[in-house]
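Inspection log for the structure reproduced underneath, given as structure tokens.
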Amino acid sequence: MKRYAVRNLRMCTKDCLCLFVCPTGATDTENSVIDKTKCIGCGACADACPAKAISLVPYAYPPQQPKTPQVITALHYLGRSKASAESAALRLAEAAGDGMYRLMKGIAASERILGADLMREAGYMLPQSENTRAFLQNIQHDPDYADLPADTVNRLLELLYPDDTE
Amino acid sequence: MKSVCQVCGFVYDETVEKIPFSELPDDWTCPLCGAGKQEFAAEKKEPESIVPQIEFGEEHLKLSAGQLSALCANLSRACEKQYLAEEADLFKQLGEYFASKAPVPADADADELAAILRSDLAAYPAVRAVTDANADRGAARSLVWGEKVQRMVSSLADRFLREGAAFTKDTEVWVCTACGFIWIGDEAPEQCPVCKVPSWKFEKMQGRKTA
């Protein structure tokens, strides 16, 4: 599997061993992001990094675990009330004093994270998956979202599925 | 007798603690996650066998604008984890678009919020029965965490109904960015009581910006 190296800035302790071992100079950048165009995926930097801040990720991801329609429907059932709870909490935050404002913002943030997790498990773990592609393609024809930002959707399709011939 | 916190799993053992659980003061909270006394249940020897059934109809396949926004938030986070900065930002923008399409409740109603949260929490065993019957490990894991987090959120909304927001007045509200667990306290906990990530994964809720 063809891979390239990425650096987690949060963990990088600037020991710079990646600079010593990289055969192509891909780790030598001003913005601390490893140059994907130079990286050959050898993994020498990840092995040498004492902070374990570098990992190798694949260019292409494997197909995801299949999800049954029963599981998807049951997860969406919960997802719907999470979204309603998020809206209700945000509405309360708007009307609130400081203590209540922060509490309601917290509840809304929590419901958002739970809702996003349910979506991940309902078949949308990978942005590069068939499910995500179908979502991005179909949503453009949904009359409820006629003013959808088309440029944003098209750019995502272009970036995530570069092999599409459409 | 032992009482178990239904949020984080902390066990209060009367034989060790000396004070019977029922005699603890009403404002006593779980030492691990801060959940209220009412979130504790007596330790069960046998798991419950009767799970309430819910009919999960196909009408739930049509996603609401709020759900589409959560979907984009999930994909944005997945791109971020893959270090795909531009894609992460584009999904974030798309998520904001769908959020703007979500219907806003006419009134700010705390009873309504608490009711949604209670009914959502009550649905977990039925949803879990479906994922178990379909041997879906990933979904089951996410539901185990989700139910604990939702129990905490629901208990906070109920507490707010009883006593208002005074309990957050001189302290902070923290949200675990990994699992959504809410912690009320001056500092974030060293480790999330639900999903075990370190304290820096917690986000402090900022007060309203004053112009």
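The values are calculated or read from the model by the stated rules, or taken from the named source; none is laboratory data. These figures come from a predicted structure and were not determined experimentally. Cβ sites come from the backbone with ideal geometry, for glycine too, and all protein chains shown count toward neighbours. Each accessible area value is taken on the protein alone, full model and side chains, heavy atoms only, with ligands, DNA and RNA left out. Shrake-Rupley method; radii C 1.70, N 1.55, O 1.52, S 1.80 Å.
Please state, rounded to one decimal and in Å, the Kirkwood hydrodynamic radius that the protein assembly as shown gives when every pair of distinct Cα atoms enters the mean of 1/r. Walk me through the numbers before you get to the answer.
Numbers: mean 1/r = 0.0439 Å⁻¹.
Final number for the Kirkwood radius of the protein assembly as shown is 22.8 Å.
For chain A, which whole percent of the accessible surface, found with a 1.4 angstrom probe, sits on carbon and sulfur atoms? It would help to have the intermediate numbers written out before the result.
Values: 4440 of 8430 Å².
Carbon with sulfur: 53 percent of the solvent-accessible area.
Can you tell me which aspartates and glutamates have their Cα less than 17 Å from the Cα of A:Lys52? Leave out same-chain residues fewer than eight positions away.
Result set, ordered by chain and number: A:Asp15.
Sort segment B:85-211 into rounded, prolate or oblate with this rule: let a ≥ b ≥ c be the square roots of the eigenvalues of the Cα gyration tensor; rounded if a/c is under 1.5, and if a/c is not under 1.5, prolate when a/b is larger than b/c, oblate otherwise. Each step should come with its number before you reach the end.
Values: a/c = 1.26, a/b = 1.19, b/c = 1.06.
Verdict is rounded for segment B:85-211.
Could you report chain B's accessible area per residue, 1.4 Å probe, as an integer in Å²? Spell out each step's value before the answer.
Values: 11220 Å² over 211 residues.
Per residue, chain B has 53 Å² of solvent-accessible surface.
Give me the tail of P(r) for segment A:1-125 as a percent: Cα-Cα pairs with distance above 25 Å. Could you put the intermediate results ahead of the total?
Numbers: 4230 of 7750 pairs.
The calculated P(r) of segment A:1-125 puts 55 percent of pairs beyond 25 Å.
At 1.002 mPa s and 20 °C, plugging the Kirkwood radius over alpha-carbon pairs of segment A:127-166 into Stokes-Einstein gives what diffusion coefficient in µm²/s?
204
Please provide three numbers in whole Å: the alpha-carbon extents of segment A:75-166 along the principal axes, with the largest listed first.
Principal extents (largest minus smallest coordinate, Cα): 53, 28, 22 Å.
Distance between the C-alpha centers of segment A:136-153 and segment A:96-118? Whole Å please.
Result: 28 Å between the Cα centres.
Going through the DSSP H helices of chain A, which span 18 Å or more along their own axis at the Cα atoms while scoring at least -1.0 as a mean Kyte-Doolittle hydropathy? Before the final figure, lay out each step's value.
Working: long enough: A:69-94 (37 Å, 0.07); A:98-121 (35 Å, -0.13).
Span-like helices, by this rule, are A:69-94, A:98-121.
Once a ≥ b ≥ c are taken as the square roots of the eigenvalues of the Cα gyration tensor of segment A:3-58, is the result rounded (a/c under 1.5), prolate (a/b larger than b/c) or oblate (a/b not larger than b/c)? Intermediate results must be reported in sequence, preceding the final value.
Values: a/c = 1.32, a/b = 1.26, b/c = 1.05.
Rounded.
Can you pull the one-decimal nm distance between simple spin-label points at B:Val16 and B:Glu112, each 7 Å off the Cα toward Cβ?
4.5
Could you work out, residue by residue across B:181-194, how many beta carbons of other chains sit within 10 Å of that residue's beta carbon, and then give the average as an integer?
Per residue, the number of nearby Cβ atoms from other chains is 1 on average.
Do any GluC sites (Glu not before Pro) in segment B:161-211 lie in a DSSP loop with no more than 15 other beta carbon atoms within 10 Å, and if so, which?
Working: sites: B:Glu163, B:Glu172, B:Glu187, B:Glu190, B:Glu203; in loops: B:Glu187, B:Glu190.
Answer in residue order: B:Glu187, B:Glu190.
Give the relative contact order (percent, whole number) for chain B; include only Cα pairs under 8 Å separated by 6+ residues.
On the way: 221 pairs, mean separation 35.1, N = 211.
Worked out over chain B, it gives 17 percent.
Let me make sure I get this right: for segment A:51-99, a, b and c are the square roots of the gyration tensor eigenvalues over alpha carbons, sorted descending. Under 1.5 in a/c it's rounded, otherwise prolate if a/b > b/c, else oblate. Which is it?
oblate
State the answer as a single residue: which of A:Ala51, A:Met100, B:Ile54 lies farthest towards the positive end of the charge dipole of the protein assembly as shown, with beta carbon charges of +1 for Lys and Arg and -1 for Asp and Glu, about the Cα centre.
A:Ala51
Can you pull the Kirkwood radius for segment B:121-186, inverse mean 1/r over Cα pairs, to one decimal in Å?
So the Kirkwood estimate lands at 13.4 Å.
Against the longest principal axis of chain B, how steep is helix B:137-163, in degrees 0 to 90 to the nearest 10, with axes from Cα atoms?
Roughly 70 degrees, rounded to the nearest 10.
Looking at chain A, which Cys residues are left with no other cysteine's beta carbon under 4.7 Å from theirs?
Singleton cysteines: A:Cys12, A:Cys16, A:Cys22, A:Cys39, A:Cys42, A:Cys49.
What's the ranking of B:22-30, B:149-157 by average number of surrounding C-beta atoms within 10 Å, highest first? Present the calculation step by step, with values, prior to reporting the outcome.
Numbers: B:22-30: 11.7, B:149-157: 24.8.
Sorting B:22-30, B:149-157 by mean packing, highest first, produces B:149-157, B:22-30.
Just to make sure I understand: if all protein chains stay in place, what is the order of A:Tyr4, A:Tyr59 by accessible area at 1.4 Å, largest first?
Sorted descending by solvent-accessible area, the residues read A:Tyr59, A:Tyr4.
Estimate for me the total accessible surface buried between chains B and A (protein heavy atoms, probe 1.4 Å, no ligands or nucleic acids), in Å² to the nearest 100.
The summed interface area works out to 6800 Å².
Just by accessible area at a 1.4 angstrom probe, what is the order of B:Glu43, A:Glu94, B:Glu14 from largest to smallest?
Working: B:Glu43 80, A:Glu94 125, B:Glu14 45 Å².
Highest to lowest solvent-accessible surface, that is A:Glu94, B:Glu43, B:Glu14.
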